[in-house]
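Notes follow once the structure below has been shown.
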Amino acid sequence: MKIVFRSFYFIFSVFLATQVNAQDMSGWSDERVCQHQGGFNEEVYARGLNCKALTKTNSKNTLSGVKSNNITFPGKYYTDEIKSCQAVHPIAFDSSYTPKFVRRLVGYDWHADWYANSNSMNVWHQKITDPMNMLKAATHNAVANNIESEIDISKELLVELAEADTLYDSIGYIEVQKKPNCYAGKNDINSRCWYHQYAFARDVFADFMITALWLKDKLNEKEFKTVNMYIKKMYKKFIKPIEFQKEEKGFYQMANGGVGILAFASWTNNKTLAAKEITHRFKEIDRLFYEDGYINDNSFRGYRAQWYHSYGVDSALGYVYVAKLWGAEVPIKLQKKLVKASEVVNLAITDWDKFKSRPHSKIPSNAILDPMNAKKRTHEDARGLAKLMLIMTDVELEHDAEYIRKSGRYGNSYGMDTLVGFPVGCIQDD
C-alpha cells in the first residue's frame, strides 16, 4: 500500500511541477521570471536572461518613492509659461470654423459612435479627439499670444463642454471590468473592445484638464466652479478607480491613465497625489519595460509590434519628462531601460526582422497575426518621439519615411502629441 501511495505521490508531484513550469509567464517582468522557481524555468531561457546579474543590478538600483515636498507644479502642466511655438498648428478662434468644429464635441454620443464603427483592431476616435486637439492648439496659441478675445472663446467652449457633461455617459472603468476582453481573448480583430471606449473617453477628459490648467488663471469664479465640478465628477468615474492600480500588461497612451492623475493633482494642487502617482508609475514602467528594451505586450503584438512599441516608448518618455520637470528624480535603473527601449525603436526601423526575432514564450491575445493588417512603422501618433528620445535618452531617432509621411507636419492633432498630452515640439521654446 505504501509503495502504491509513494508512486502516486511521485507522479502527482511531477505533474504538478510540470503544470507550474508550463504556466504563462509572458506578461511577467524580468525580475519576477528570475524569482520563479529560483530562475530555473523556460521563460528565463526564452528571454536570454542572466538572473544572477539582474538580481545584482536591481539590488543597487532599488526604486525609491518620490517625496511630496520635492514636487513643484509648473502651472501649465508641461511648462510654467505657454509661449508661441511653431510646432503647434497656427489655428485660431478668429475663424468661425474653429469654435464650430470644437462644439461638435459638446455632449457628443461617443458610446454610439464607438459601438457603430470600432472593433478591437481599429478604434475610430476622431470625432472626439480631433475637436479636443483643435481646442488645445487654438487655446495654446491664444494664451501664448495673450489674445484676450480668443481666450474668452476658449473659456466659453471649456464651460460648454463641462455644462453638457461631455463624455460622462461613456462606459466607466468599473463597468468595463464586467465586459468581455478585447480581441475576445483570442486574437479576434472584429470583436468589440469596450476598454477602448473607456480609455479614449478617459484620455480626452485628461486633455480637457490640461487645457483647463492653461486657462485656470483666466477663469472667473463662475467659470471655475462649473469646470471644477465637471472635473471632479469625471475624475471620480474615469480615473479615480485606477489610482495606483497594478497593471501587468502593456504600456499605452497617456501612461496607462497616469497623465490624467497628474493633471488632476496639478488642478487640485495635491502634491501628495502627484508624488504617489509618479512613484507608482515609475515602478510600473520598470516592471513592464524589460532589461533589453522590449516592452511587455507592446513589443510582441505580431505585425504591429513596432507600431505599438514606439507608442509605448513615446508615452513613457513624455510622462517621465513631466515627472522630472515637477521635481522627481529618475532612478538609474529606469533611465537605462528607457535608453534601451529607445534603441529598440531604432532597431525596428533599421532591421524589422531582427527586432521581431526576440524570443517570447507566448503570442499575446491582442497580437495582429495577418500580414495584411501589418503596420511596420513608428506610430504616427508618437509625434514627439524624436525630441523625447533625444532629450531624455540621448538616442537619435532613425529615419522612418513612412512615419514621417503618416504623421505629417501637424496632422489631426494640430501639433499635439496625443500620447503624452502636450506639444512636445514646444519644449525647446520654453
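The values are calculated or read from the model by the stated rules, or taken from the named source; none is laboratory data. None of the values given here were measured: they were computed from a predicted structure. Note: ideal-geometry Cβ built from the backbone for every residue, glycine included; neighbour counts use all protein chains shown. Only protein heavy atoms, including side chains, enter the accessible area calculation; ligands, DNA and RNA are left aside. Shrake-Rupley method; radii C 1.70, N 1.55, O 1.52, S 1.80 Å.
Here are the numbers for the structure shown:
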quantity	calculated
Residue in the range 396-408 that is modelled with pLDDT under 95 and outside any helix (DSSP H, G or I) present	yes
Which numbered condition Ile427 fails, given (1) modelled with pLDDT of 95 or more; (2) farther than 30 Å from Lys186 by Cβ; (3) open to solvent by less than 40 Å² (accessible area, probe 1.4 Å); (4) out of contact with any His (no Cβ under 7 Å at 6 or more places or on another chain)	(1)
Close pairs (9 angstrom Cβ cut-off, 6 or more residues apart or separate chains): at positive phi in the range 257-277, assigned to a helix (DSSP H, G or I) anywhere	Gly257/Tyr173; Gly257/Ala199; Gly257/Arg202; Gly257/Asp203; Gly257/Ala206; Gly257/Phe238; Gly257/Ile242
Evaluation of Gly411 against (1) buried (at least 23 other Cβ atoms within 10 Å of the Cβ); (2) out of contact with any helix residue (DSSP H, G or I) (no Cβ under 7 Å at 6 or more places or on another chain) (one fails), failing number	(1)
Any hit, the range 202-224, residues being of a type in the set (Phe, Trp, Tyr) and open to solvent by 30 Å² or more (accessible area, probe 1.4 Å)	yes
Scan of the range 225-246 for residues that are closer than 16 Å to Val259 by Cα, surrounded by fewer than 17 Cβ atoms within 10 Å (Cβ to Cβ) and charged (D, E, K, R), ordered by number	Lys232, Lys236, Lys240, Glu243, Lys246
Enumerated helices (runs of 4 or more DSSP H) restricted to the range 253-372, each holding at least 3 residues that are surrounded by fewer than 24 Cβ atoms within 10 Å (Cβ to Cβ) and not hydrophobic (A, V, I, L, M, F, W, C)	271-288, 332-350, 352-356
Residue list for the range 101-114, filter: touching a residue at least 60 places away in the same chain (Cβ under 8 Å) and open to solvent by 40 Å² or more (accessible area, probe 1.4 Å)	Val106, Asp109, His111
Members of the range 216-266 found to be aromatic (Phe, Trp, Tyr) and over 22 Å from Leu385 (Cβ atoms), listed by number	Phe224, Tyr230, Tyr235, Phe238, Phe244, Phe264
Lone qualifier among Asn119, Asn146, Asn181 - being surrounded by fewer than 17 Cβ atoms within 10 Å (Cβ to Cβ), at pLDDT 95 or above and more than 23 Å from Tyr78 (Cβ to Cβ)	Asn181
Pairs, first open to solvent by 100 Å² or more (accessible area, probe 1.4 Å) in the range 79-100, second modelled with pLDDT of 95 or more and assigned to a loop (DSSP other than H, G, I, E, B), C-beta under 7 Å, six or more apart	Asp80/Pro74
Qualifying positions in the range 373-385 - assigned to a helix (DSSP H, G or I) and either over 22 Å from the mean Cα position of the chain (by Cα) or surrounded by fewer than 21 Cβ atoms within 10 Å (Cβ to Cβ) (or both)	Asn373
Residues (more than 28 Å from Val345 (Cβ to Cβ) and under 18 Å from the mean Cα position of the chain (by Cα)) located in the range 275-300	Lys276
Qualifying residue in the range 219-228 (condition: under 25 Å from Ser310 (Cβ atoms) and in contact with an Asp or Glu (Cβ under 7 Å, 6 or more places away or on another chain))	no
Test for Lys249: is it open to solvent by 10 Å² or more (accessible area, probe 1.4 Å) and outside any helix (DSSP H, G or I)	yes
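Results for (1) over 14 Å from Ala212 (Cβ atoms); (2) touching a Leu at 6+ places or on another chain (Cβ under 8 Å), shown as yes or no for each residue.
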| position | (1), (2) |
| --- | --- |
| Met132 | no, yes |
| His140 | no, no |
| Val143 | no, yes |
| Ile147 | yes, no |
| Glu150 | yes, no |
| Lys155 | no, yes |
| Glu160 | no, no |
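Rundown of residues vs (1) surrounded by 23 or more Cβ atoms within 10 Å (Cβ to Cβ); (2) among the polar types (S, T, N, Q); (3) farther than 20 Å from Asn122 by Cβ, yes/no style:
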position: Thr139; (1), (2), (3): yes, yes, yes
position: Leu158; (1), (2), (3): yes, no, yes
position: Ser170; (1), (2), (3): yes, yes, no
position: Ile174; (1), (2), (3): no, no, yes
position: Lys186; (1), (2), (3): no, no, no
